[in-house]
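Engineer: What follows is a single structure, and I will ask about it in a moment.
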Amino acid sequence: MGVDDLRRYLAASGAPGGGKDAEQIVDRVLQDRNRTPRFGRPALTIDDFRHLLFSEEAQPANPAPPGHNSYLTGNQLSSDCSDLPIIKALQLGVRVIELDIWPNSSKDDIDVLHGRNGDDLLYGGKSSEDGDENKTCKHKAPEYKHLITTIKAGKPKGAIVDALNSDPEKVRRLSLSEQELAKVAASHGPNIVRFTHRNLLRIYPKGTRFDSSNYNPFLGWVHGAQMVAFNMQGYGRALWLMHGFYKANGGCGYVKKPEFLMQTCPDGKVFDPKADLPVKATLKVKVYMGDGWQKDFEQTHFDTYSPPDFYTKVGIAGVPSDSVMMKTKAVEDSWVPVWEEEFVFPLTVPEIAVLRVEVHEQDVSDDDFGGQTALPVMELRPGIRAVPLFDQKGLKFRNVKLLMGFEFV
Ligand SMILES: [Ca+2]
Ligand SMILES: [Ca+2]
């Protein structure tokens with residue numbers, strides 16, 4: 001493939017190029033692969049071209065942080081005793097840390113603990129939900145108070161729907177458990193959306209999640225909740241979605257709330273998450289092929305006596321009507337599976353939708369895990385992209401990538 005061929009390909013496919021001229025791209029690929037063209041004008045072999053398709057420049061979402069730093073939705077961490085998970089969470093983009101702060105035994109300093117004992121608590125994210133701010137001031141070490149919050153918090157007394165009445169004079173912060181949110185969302189969705197126009201809503205995992213598991217965060221996001229608290233020490237699909245959602249906005253940990261969640265119509269109506277919404281965008285996803293497992297895994301990791309049998313699951317996480325999961329066929333006995341399958345996703349709320357990708361290896365009983373990623377739909381770059389995959393804990397594999405095509409139709 002010569003420079004002119006590559007130029008035609010880039011123009012026709014919206015494929016990787018990173019804005020560079022075809023000539024520069026050819027030079028760079030040859031340099032990457034330690035090749036010097038022997039005669040005349042440089043050209044790419046099929047292997048060079050494949051290297052280009054799987055290269056960093058072909059990543060699915062924009063890696064550079066955009067200039068604006070609107071912060072209406074924060075990624076939140078529930079408490080943990082050690083500072084190590086907190087450091088890790090901050091590096092992952094978490095922007096709200098919840099701590100319980102207690103007086104120490106000699107009452108001249110504080111201890112940061114995980115736990116709760118209503119009487120002695122100085123000030124903490126969790127117990128401040130009691131709504132009795134004065135109580136916290138009477139205790140020692142009030143100087144810590146200003147570090148933590150200045151917006152009065154409240155736990156709903158009586159019906160939750162009454163707590164959602166917005167006071168035009170005050171800004172409030174309300175905390176609801178995942179079950180309380182589900183209950184009030186079933187009948188009073190627009191009230192929640194209206195509340196979050198100017199007040200802060202935080203959702204937290206129910207207390208019975210002792211295993212640090214998580215819940216579906218989209219119910220909170222589609223109602224405008226600014227803080228959807230997760231057990232960041234847990235693993236699993238809900239956390240993959242959280243990571244995917246916060247890859248938007250350069251991964252800075254804040255994502256701007258979509259306009260429709262901030263608008264009040266002239267007739268006083270606000271967005272109703274339960275309404276039948278028209279399709280706003282349609283995303284076409286093509287899963288071409290995958291590569292890299294042979295470098296990142298032992299020969300016998302997936303199957304002892306034969307190469308792996310990979311298939312890919314592709315889907316959307318978002319509002320219920322947009323949420324779906326589909327899958328390719330399994331390609332038997334191949335470290336470099338080629339699927340060439342296309343999937344179409346009509347989206348009613350693309351603004352909060354996350355593209356889900358999982359690779360599994362087919363077995364008779366439990367399938368093996370081959371990688372996952374989640375990407376904010378609105379930040380997908382159309383064209384053919386190399387999509388890096390991550391392990392179950394959210395760590396990026398060194399080499400495993402899928403070649404995928406994205407198109408909005
Ligand atoms: Ca297997
Ligand atoms: Ca096999």
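Read-outs: derived from the displayed coordinates by stated rules, not from any lab. Not measured: the values here are computed from a predicted model. Methodologically, a virtual Cβ is constructed for each residue, glycine included, from the backbone with ideal geometry; neighbour enumeration extends over all protein chains shown.
Engineer: With 10 angstrom as the radius, rank VAL357, VAL287 by how many other C-beta atoms surround their C-beta, starting from the fewest.
Structural biologist: Placing the least packed residue first, the sequence is VAL357, VAL287.
Engineer: Highest mean first, what order results for 220-227, 248-255, 268-275 on Cβ atoms within 10 Å?
Structural biologist: Result, highest mean Cβ count within 10 Å first: 220-227, 248-255, 268-275.
Engineer: Still on this structure, I have one more. Taking the simple approach of a point 7 Å from Cα along Cα-to-Cβ for both SER13 and ASN216, what is their distance in nm?
Structural biologist: 3.7 nm
Engineer: Determine the sum of side-chain charges near PRO60: Lys and Arg each +1, Asp and Glu each -1, restricted to other residues whose C-beta is under 11 angstrom from that of PRO60.
Structural biologist: +3
Engineer: For the cross-link pairs LYS257/LYS280; LYS247/LYS274; LYS257/LYS401; LYS88/LYS247; LYS274/LYS393, which exceed 23 Å when the distance is taken from alpha carbon to alpha carbon?
Structural biologist: LYS247/LYS274; LYS257/LYS401; LYS274/LYS393
Engineer: Which of the aspartates and glutamates could a cross-linker span from LYS329 if the Cα-Cα distance has to be under 20 Å and same-chain partners fewer than 8 positions apart are dropped?
Structural biologist: Result set, ordered by chain and number: ASP291, ASP303, ASP309, GLU340, GLU341, GLU342, GLU358, GLU361, ASP363, ASP366, ASP367, ASP368.
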